[in-house]
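**Q** If you scroll down you'll find the structure; I have some questions about it.
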Amino acid sequence: MPISFDFYKDVVKDWILQNISNDLYILDIGPGIGTYSDLIRSYGYKMDAVEIWQPYIDQYDLKNKYDNVYNEDILNKTVEFIEQYDFFILGDVLEHLSVENGQNFIKLLQSKNKKYLIAIPYSLEQGEYEGNVYETHLQPDLTPEIMSTRYPELKFLCGNELYGYYINK
């Protein structure tokens, strides 16, 4: 679904404000309703978004929440996007990627010394939503333990038994 849990959004906003300079260019991958734009855009951050599902771009007025909105599959233009941006937000996105694609994406971010924030729901099965097949969770088994073994590049920032936030180590 295009809406995520509300857990720790203030903590995450404070972390971004304290750790990510507003002169860095941010790419919000899979912005859904534009949650992260709503959280930090008013602080002068330059933000673009890449959304795979065109109806969300229109339905949630994403073009008015971001400088640029790309209707793309991030996996088709990964290298281009990684070269162009400094900080990446993957809010409720990693679970939609296969294990292999998720690991490769994180490893590429690491290899390019990019900063990122990842938000992930734990142990959550989800299929198609309102005709959007991209809403299907390809990693519904994620837990804090699985995250630490499957994605050793990630550092736990905050969370609970339902949801977690991670940054690069």
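**Q** Given the chain, report the % of alpha carbon pairs whose separation exceeds 24 Å.
**A** Pairs farther apart than 24 Å: 29 percent.
**Q** May I pose another question? Quantify, in whole percent, the carbon and sulfur part of the accessible surface of the chain (1.4 Å probe; protein heavy atoms only).
**A** About 49 percent, which is the carbon plus sulfur part of the accessible surface.
**Q** For the stretch 49-139, what log10 I(q)/I(0) values come out of the Debye formula at q = 0.10, 0.11, 0.19 1/Å, with one point per alpha carbon and no solvent?
**A** For the stretch 49-139 at q = 0.10, 0.11, 0.19 Å⁻¹, log10 I(q)/I(0) is -0.27, -0.32, -1.01.
**Q** Quick one: which residues, 5+ away or cross-chain, put their amide H under 5 Å from the amide H of residue 25? H built at 1.01 Å from N.
**A** 86, 87
**Q** Which residue, 45, 111, 101, has the largest displacement toward the positive end of the dipole of the chain when charges sit on each Cβ (Lys, Arg +1; Asp, Glu -1)?
**A** 111
**Q** Roughly how many nanometres apart are two label points built 7 Å out from the Cα toward the Cβ at residue 146 and residue 83?
**A** Going by the 7 Å Cα→Cβ label model, 3.5 nm.
**Q** Per residue, how much accessible area does the chain show when a 1.4 Å probe rolls over the protein heavy atoms, in square angstrom?
**A** With all protein chains present, the chain gives 48 Å² per residue.
**Q** Cα centroid distance between the stretch 1-72 and the stretch 136-164, in Å?
**A** 21 Å
**Q** Once amide H atoms are built 1.01 Å from N in the peptide plane, which residues 5 or more positions from residue 115, or in another chain, come under 5 Å H to H?
**A** Amide H neighbours of residue 115: 88.
**Q** Out of residues 5 or more away from residue 157 or on other chains, whose amide H comes under 5 Å of its own, with H placed 1.01 Å from N in the peptide plane?
**A** Hits under the 5 Å cutoff: 165, 166, 167.
**Q** Could you give the size of the charge dipole of the chain about its Cα centre, using +1 on the Cβ of each K and R and -1 on the Cβ of each D and E, expressed in debye and rounded to the nearest 20?
**A** About 700 debye.
**Q** For the chain, modelled as a Gaussian network with Cα springs under 10 Å, which listed residue fluctuates most, 144, 152, 31?
**A** Highest fluctuation of the listed residues: 152.
The values are calculated or read from the model by the stated rules, or taken from the named source; none is laboratory data. The shown structure was predicted, so the numbers you read here are calculated from the model rather than taken from an experiment. When we count neighbours, we look across all protein chains shown, and the Cβ atoms used for this are built from the backbone with ideal geometry, even at glycine. Side chains included, ligands, DNA and RNA excluded: accessible areas come from the protein's heavy atoms. Shrake-Rupley method; radii C 1.70, N 1.55, O 1.52, S 1.80 Å.
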